[in-house]
Amino acid sequence: MVKVGVIGGSGYTGGELLRILSIHPEVEIKWVTSRKYIGRRISDIHPNLRGFIDLKFTQLSLDNIDMIDVVFCCLPHTVSMNIVKKIYGKTRIIDLSADFRIRDPAVYEKYYVKHMCPELLDKAVYGLPEIYREQIRGAMLVANPGCNSTAIILSLYPLRKFLEKSFITIDIKEGSSASGRNPSLSNIHAERINTVRIYMPMEHRHLAEIRQVLGIENISMTAHAVGMARGIYATTYIFTENLPSEKDLWKIYREYYSKEYFIRIVNRKYPPYNLPDIKGVVYSNFCEIGFKVDKGNGRIIIFSAIDSLIKGAAGQAVQNMNIIFGIDEKTGLDYPGFYV
Ligand SMILES: NC(=O)c1ccc[n+]([C@@H]2O[C@H](COP(=O)([O-])OP(=O)(O)OC[C@H]3O[C@@H](n4cnc5c(N)ncnc54)[C@H](OP(=O)(O)O)[C@@H]3O)[C@@H](O)[C@H]2O)c1
């Protein structure tokens, strides 16, 4: 059994992680920390876990950290690096924040703050299994990717040869749980529902990791907050003179992802479900990718959809844990989404 500790378990990613771990046959949850809810039952805060996890939140103690096999850090960025620098080397760490995703401390500082432990940046492995599986296997520190980054990188990585000299722009639609459980004016239900609101017209932070993995700078992004609770929908426009056919794209994606269980290429004949759909992936660890070639306008259009809290966070973190400990990668994650 893999002995697990969860730091910051009272938030949304912590809750989803605990839900997945509670039915994972190879995991024993040893402790879950919170500042606000010390001594309270986990199911007081995550009511869906009643009957599944009979533990109380505890205060974080670094004393016996080496008694567990892996720690999941579900903390806000900047908070996480302060904890990780104290526990690095004592146990495996899967960090869900942005703190170890970016290799260059100057780039991290541009998008976030000054890094507190830049010496650990090149020790971290970017936790996108479909691309970095071999490196994840031996990692002491896994930087779990951002939710938008996951949807975008997975959909664009096989197309790298079309990206370098193209004009690329991404349109993101994001559900409210991506902002975390801490209330703010912009994520109150009444403010968020029945509208589509631009929340990051340009230079979204996730561009830093997207550029780093794709190895290009010529990519822009505009993000919208929409009135759903979870899910990421990314539409990417690639304007290029080197236009492939849809048949070429099928071949590229099939070849790249033929063995990837959690990637579904969706390009069917009959609408309305012929292309990726949030309803096709929500509550699951699947990523759907689809495409169209708009010959008249010289563009490839790529669509991708994920559940932000699962493939975009907790599910991917469990997938990474499975890889590290040699467990079948699908364990705890092998179920379809909920459609209605
Ligand atoms: N939400 C998503 O869809 C998503 C997707 C991908 C990645 N992420 C990343 O995952 C991390 C967690 O996100 P989340 O959505 O779960 O956030 P959240 O709902 O706000 O939860 C954050 C957790 O961190 C704890 N915490 C907050 N401030 C703290 C501090 N100063 N010291 C110690 N603990 C603190 C909170 O617990 P207490 O207040 O009880 O201590 C809570 O358990 C973030 O870095 C986020 O960017 C989120």
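The values are calculated or read from the model by the stated rules, or taken from the named source; none is laboratory data. Here the structure is a predicted model, which means the values were calculated and not measured. Because the Cβ atoms are built from the backbone with ideal geometry, glycine has one as well, and the counts that use them run over all protein chains shown. Quick note on the areas: whole protein, heavy atoms, side chains included, nothing else; ligands and nucleic acids left out. Shrake-Rupley method; radii C 1.70, N 1.55, O 1.52, S 1.80 Å.
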### Message
Considering only residues that are over 21 Å from SER176 (Cβ atoms) and either open to solvent by 30 Å² or more (accessible area, probe 1.4 Å) or among the polar types (S, T, N, Q) (or both), which ones fall in region 212-236?
### Response
GLN212, GLY215, GLU217, ASN218, SER220, THR236
### Summary
Taking region 45-60 and keeping only residues that are away from the ligand (no atom under 13 Å from the Cβ) and either aliphatic (A, V, I, L, M) or assigned to a loop (DSSP other than H, G, I, E, B) (or both), one is left with LEU49, ARG50, GLY51, PHE52, ILE53, ASP54, LEU55
### Query
How many residues does region 15-36 contain that are open to solvent by less than 70 Å² (accessible area, probe 1.4 Å) and within 12 Å of the ligand (Cβ to nearest atom)?
7
### Summary
With criteria (1) closer than 17 Å to TYR257 by Cα; (2) within 16 Å of the ligand (Cβ to nearest atom); (3) touching a Ser or Thr at 6+ places or on another chain (Cβ under 7 Å), PRO276 comes up short on (2)
### Message
Take GLY39 and tell me if it is touching a strand residue (DSSP E or B) at 6+ places or on another chain (Cβ under 8 Å), of a type in the set (Gly, Ala, Ser) and crowded, with 23+ Cβ neighbours inside 10 Å.
### Response
no
### Message
under 20 Å from SER149 (Cβ atoms), within 10 Å of the ligand (Cβ to nearest atom), acidic (Asp, Glu) and at pLDDT 95 or above: is that true of ASP95 in this structure?
### Response
yes
### Summary
Over region 139-165, the set of residues surrounded by 19 or more Cβ atoms within 10 Å (Cβ to Cβ) and aromatic (Phe, Trp, Tyr) is PHE162
#### Entry: Residue that is farthest from the chain's Cα centre (by Cα), among those in region 1-13 that are within 14 Å of the ligand (Cβ to nearest atom), outside any loop (DSSP other than H, G, I, E, B) and within 12 Å of VAL71 (Cβ to Cβ)
GLY5
### Query
Has region 239-254 got at least one residue that is under 27 Å from ARG197 (Cβ atoms) and open to solvent by 10 Å² or more (accessible area, probe 1.4 Å)?
yes
### Task
Filter region 1-14 down to residues that are buried (at least 22 other Cβ atoms within 10 Å of the Cβ) and of a type outside the set (Val, Ile, Thr), then give me how many there are.
6
### Hits in region 43-87 (condition: in contact with a helix residue (DSSP H, G or I) (Cβ under 6 Å, 6 or more places away or on another chain) and more than 24 Å from ALA98 (Cβ to Cβ))
SER43, LEU49, ARG50, PHE52, ILE53, LEU55
### Summary
Residues of region 312-340 being aliphatic (A, V, I, L, M) and open to solvent by less than 30 Å² (accessible area, probe 1.4 Å), in sequence order, are ALA313, ALA314, ALA317, VAL318, MET321, ILE323, ILE324, ILE327, LEU333
### Task
Within region 81-113, work out how many residues are assigned to a helix (DSSP H, G or I) and without any contact (Cβ under 8 Å) to a residue 40 or more places away in the chain.
8
